[in-house]
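Worksheet for the structure shown next.
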């Protein structure tokens with residue numbers, strides 16, 4: 001059984017997600033497959049819809065003359081969270097790049113990836129303090145668990161986890177992806193000082209620009 005079938009609200013909700021991934025379905029169809037009541041399914045669907053995991057995908061007319069039933073599907077944004085393939089694939093990809101390319105080329109590719117991740121941000125008109133805290137919020141949403149500390153030189157983004165832990169273990173320079181992302185988000189010089197031990201942790205120093 002896959003991790004989310006057991007951990008996303010228990011086995012019933014996990015099985016519900018598994019069924020909807022196989023194809024759009026109505027409350028009645030899901031209830032029949034799970035062997036539970038329609039109301040039990042509706043309660044689970046409401047929770048999943050609020051969390052952005054599923055969404056209504058139209059209606060389907062049943063065999064009777066009653067009101068068409070709503071059908072549900074997994075939202076596109078939720079699909080990546082249901083996959084456990086990304087960390088090992090990323091780690092294997094980095095290992096392949098390191099074996100095939102000169103060190104400088106690998107580093108340039110990683111830094112370019114970080115810059116691309118930060119290209120959509122348009123917050124540079126705000127204060128540095130606001131931009132740093134916004135960057136910390138984004139890193140936390142990615143899985144970094146970040147605190148912001150003010151220093152004489154600027155700020156420190158201190159992490160208690162790493163969103164790219166598997167990749168960093170395979171290739172320490174993977175930290176440069178996040179370094180460039182942070183630099184793009186805060187629009188200021190950033191120095192990467194991450195902990196690359198068995199349990200990697202992010203740490204980035206943001207330097208206030210001189211007047």
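The values are calculated or read from the model by the stated rules, or taken from the named source; none is laboratory data. Being a predicted model, the structure only gives us computed values, none of them experimental. With ideal geometry, Cβ positions are generated from the backbone for all residues, glycine too; neighbour counts draw on all protein chains shown.
Search region 82-91 for residues being in contact (Cβ under 8 Å) with a residue 24 or more places away in the chain and assigned to a helix (DSSP H, G or I), and hand back the single one that is surrounded by the most Cβ atoms within 10 Å (Cβ to Cβ). Per the criteria, the residue is 91. Residue selection: residue 141 fails the criterion of being surrounded by fewer than 18 Cβ atoms within 10 Å (Cβ to Cβ), under 19 Å from the mean Cα position of the chain (by Cα) and over 27 Å from residue 93 (Cα atoms).
Looking at the structure I just gave you, is residue 182 closer than 27 Å to residue 88 by Cβ and touching a helix residue (DSSP H, G or I) at 6+ places or on another chain (Cβ under 6 Å)? When the stated conditions are applied, residue 182 passes them.
Restricting attention to region 24-45, does a residue exist that is under 30 Å from residue 204 (Cα atoms) and surrounded by fewer than 14 Cβ atoms within 10 Å (Cβ to Cβ)? Checked region 24-45: no residue is under 30 Å from residue 204 (Cα atoms) and surrounded by fewer than 14 Cβ atoms within 10 Å (Cβ to Cβ). Check whether at least one residue in region 56-71 is in contact with a helix residue (DSSP H, G or I) (Cβ under 6 Å, 6 or more places away or on another chain) and not assigned by TED's automatic domain parsing to the domain that holds residue 113, and report yes or no. Within region 56-71, none of the residues are in contact with a helix residue (DSSP H, G or I) (Cβ under 6 Å, 6 or more places away or on another chain) and not assigned by TED's automatic domain parsing to the domain that holds residue 113. Residue 59 meets each of the listed conditions (1) without any contact (Cβ under 8 Å) to a residue 24 or more places away in the chain; (2) in a helix (DSSP H, G or I); (3) farther than 13 Å from residue 75 by Cβ apart from (2). Among residues of region 26-47 that are closer than 17 Å to residue 59 by Cα, those with a Cβ under 7 angstrom from a residue that is in a strand (DSSP E or B), sequence gap 6+ or separate chain, pair up as 26/60; 26/69; 26/70; 26/71; 27/69; 28/69; 45/54; 45/72. Checking the stated criteria, residue 162 turns out to be over 17 Å from residue 206 (Cα atoms), modelled with pLDDT under 95 and touching a strand residue (DSSP E or B) at 6+ places or on another chain (Cβ under 8 Å).
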